[in-house]
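Below: the structure, in C-alpha cells.
The values are calculated or read from the model by the stated rules, or taken from the named source; none is laboratory data. All of these numbers come straight from a predicted model, not from anything done at the bench. Every residue, glycine as well, gets a Cβ built from its backbone with ideal geometry; the counts of neighbours run over all protein chains shown. The protein model used for the area step is the full one, side chains on, heavy atoms only, and it has no ligands, DNA or RNA in it. Shrake-Rupley method; radii C 1.70, N 1.55, O 1.52, S 1.80 Å.
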There are 2 protein chains.
Amino acid sequence: MTEHCSHSDLTSCTQPSSEQVAIFLQQAADLCDKRNLRFTRLRKQVLELVCRAEQPVGAYHLLDELKQSGRSAAPPTVYRALDFLLEQGLVHRLSTNNTYLACAHPQHPHGAVFLVCSECGHTQEVHNEGVNDELDRQAKQFDFAIQHAAVEVTGLCSRCRGS
Amino acid sequence: MTEHCSHSDLTSCTQPSSEQVAIFLQQAADLCDKRNLRFTRLRKQVLELVCRAEQPVGAYHLLDELKQSGRSAAPPTVYRALDFLLEQGLVHRLSTNNTYLACAHPQHPHGAVFLVCSECGHTQEVHNEGVNDELDRQAKQFDFAIQHAAVEVTGLCSRCRGS
DNA sequence: CTATGTTATGTTATAATATAACATTATTTG
DNA sequence: CAAATAATGTTATATTATAACATAACATAG
C-alpha cells in the first residue's frame with residue numbers, strides 16, 4: 001500500500017505509516033460494509049500484511065507471516081483472502097512476478113500502470129489516462145471488451161540506476 | 001505466430017499457413033546466423049510448435065508435443081529452448097496466463113500489446129505507439145529505465161462477445 | 001584431424017505457485 | 001432455533017519453473 005499524492009500523474013509515493021495503514025484498513029472495512037461483504041479477521045490480517053510490506057509480496061511469504069502470527073494457515077487460506085481482496089479492488093496482483101500489493105486508490109476501479117524495479121523490487125503504481133485511452137481505442141477497433149488490463153513495466157528504478 | 005497485415009495499427013490477423021510457418025522459420029534461421037547463434041534442431045522444433053499453435057501455448061503442452069514427436073524431453077528441454085527464443089525476440093511470453101506465442105514482428109524489438117480472450121484464448125498481438133510513448137514518458141518522469149513492458153489486456157474477443 | 005574449450009542437451013530431483021475437494025465452523029436469516 | 005449460506009480448516013495434488021550435474025555436439029587452435 002502506498003499513499004496517494006498530487007503529482008501531475010496520480011501516483012503512490014511513500015511507504016505507509018502505521019497510521020496510514022490504519023486509515024486504509026478502515027476504508028476497506030467501510031467499503032465492505034457498503035457492499036454487504038464480510039471484512040473478516042483473516043481478510044483484514046492479510047490486507048494489513050500486504051499494506052505493511054515495503055514491496056509487493058508473494059502468497060507464500062504472506063502464508064509464512066500468517067503462521068508466525070499464530071494462526072493456522074495453509075495455501076488456500078491466503079489465496080482465498082487474496083482472491084477476495086482482488087475482487088474488491090483492494091489489492092493488485094503483478095503477474096510478471098507473482099506478487100501482491102495494496103491498491104493505492106481503492107475508491108474507484110481503474111487501470112493502473114506498475115513500474116517494477118528488477119533490481120530491488122520496488123514498485124510504483126501509476127495512473128495514466130493516456131495508456132487507458134489508447135488501450136480502449138485499440139480494443140474498440142477489434143471489437144474487444146476489456147475485462148482487465150495488466151500493464152507491468154519492468155526496469156531499473158531511479159535508486160538502482162544510480163548505484 | 002501470426003501474419004503481419006496493413007491495418008492502421010500494425011497487427012497480426014491470420015493463422016499461419018504451412019508456407020508462412022516455413023518462411024518464419026527461415027527468417028529465424030537467418031536472424032540466428034546473423035547473430036552467430038545456433039538455430040539447433042530443438043530450437044527450431046519448439047519454434048515451429050509455437051508457430052503452428054492456434055493460440056498461445058503452455059510450456060508443458062509443448063513438452064508433451066516434443067515427447068510425442070519421439071524426442072526425449074523434460075521440462076528443462078522446453079524451457080531452455082523457450083528462453084533462447086525469448087531472448088532473440090522470436091517468441092513472447094504472456095505472464096497473465098503463462099503461455100508462449102510466436103512474435104509477429106521478429107525483425108525489430110518493440111513493445112507489444114496483447115489482447116487475450118478470456119473465453120477462447122485467442123490472442124492478438126498489436127503494436128501501439130501511443131502506449132509505448134506514454135509509458136516512455138511516464139518512465140522518464142520517474143527516472144525509470146524500462147527493460148520490458150508487459151501490456152496484456154484480458155477480455156472478450158469479437159467472436160466470443162457475439163455468441 | 002584431434003585435443004580442448006565451449007555451448008547445448010539429457011536427466012533427475014525439487015522449488016515455487018496455485019487449486020481441488022471435502023470437512024468444519026461461523027454467520028445470517030427465516 | 002433451524003436451515004441455509006458463507007467462510008475457514010485441512011489434506012492432497014496440480015501446474016509452472018529451476019537447480020544441479022552428466023553427457024553430447026560443435027567450434028577452433030594447434
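Okay, residues lined up against (1) more than 10 Å from DNA strand C (Cβ to nearest atom); (2) more than 14 Å from chain A (Cβ to nearest Cβ):
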| site | (1), (2) |
| --- | --- |
| B:36 | no, yes |
| B:39 | no, yes |
| B:42 | no, yes |
| B:54 | yes, yes |
| B:61 | yes, yes |
| B:105 | yes, yes |
| B:109 | yes, yes |
| B:116 | yes, no |
- Of those in the range A:122-143 that are facing another protein chain (nearest Cβ under 7 Å) and in a loop (DSSP other than H, G, I, E, B), the residue nearest to residue B:139 (Cα to Cα) is A:128
- Message: So residue A:69 passes all but one of these: (1) over 19 Å from the mean Cα position of the chain (by Cα); (2) farther than 25 Å from residue A:31 by Cβ; (3) more than 9 Å from chain B (Cβ to nearest Cβ). Which condition number does it fail?
- Response: (2)
- Enumeration of residues in the range B:144-162 that are more than 7 Å from chain A (Cβ to nearest Cβ) and either in contact (Cβ under 8 Å) with a residue 12 or more places away in the chain or touching an Asp or Glu at 6+ places or on another chain (Cβ under 8 Å) (or both): B:159, B:160
- Somewhere in the range A:97-106, is a residue at pLDDT 95 or above, within 22 Å of residue A:46 (Cβ to Cβ) and open to solvent by 60 Å² or more (accessible area, probe 1.4 Å)? yes
- Does any residue in the range A:87-100 that is within 14 Å of chain B (Cβ to nearest Cβ) come within less than 8 Å, Cβ to Cβ, of a residue that is in a loop (DSSP other than H, G, I, E, B) and within 11 Å of DNA strand C (Cβ to nearest atom) six or more places away or on a different chain, and which pairs are these? A:94/A:56; A:95/B:95; A:95/B:96; A:96/B:95; A:97/A:56; A:98/A:58; A:99/A:56; A:99/A:58
- residue B:82 part of a helix (DSSP H, G or I) and either open to solvent by less than 20 Å² (accessible area, probe 1.4 Å) or at positive phi (or both): yes
- Scanning the range B:68-79 for residues that are surrounded by fewer than 20 Cβ atoms within 10 Å (Cβ to Cβ) and within 10 Å of DNA strand C (Cβ to nearest atom) gives B:71, B:72, B:74, B:75, B:76, B:77, B:79
- Message: Among (1) touching a strand residue (DSSP E or B) at 6+ places or on another chain (Cβ under 7 Å); (2) surrounded by fewer than 17 Cβ atoms within 10 Å (Cβ to Cβ), there is one condition residue A:138 misses while meeting the rest; what is its number?
- Response: (2)
- Note on the structure: By residue number, the members of the range A:16-53 that are among the basic types (Lys, Arg) and either in contact with a strand residue (DSSP E or B) (Cβ under 6 Å, 6 or more places away or on another chain) or surrounded by fewer than 14 Cβ atoms within 10 Å (Cβ to Cβ) (or both) are A:34, A:35, A:38, A:41
- Query: Can you find even one residue in the range B:109-116 that is more than 9 Å from DNA strand D (Cβ to nearest atom), in contact with a Gly (Cβ under 8 Å, 6 or more places away or on another chain) and in a strand (DSSP E or B)?
  - Reply: yes
- Task: Would you be able to tell me the number of residues in the range A:72-108 that are near DNA strand D (Cβ under 9 Å from one of its atoms), β-branched (Val, Ile, Thr) and under 16 Å from residue A:28 (Cα atoms)?
- Result: 0
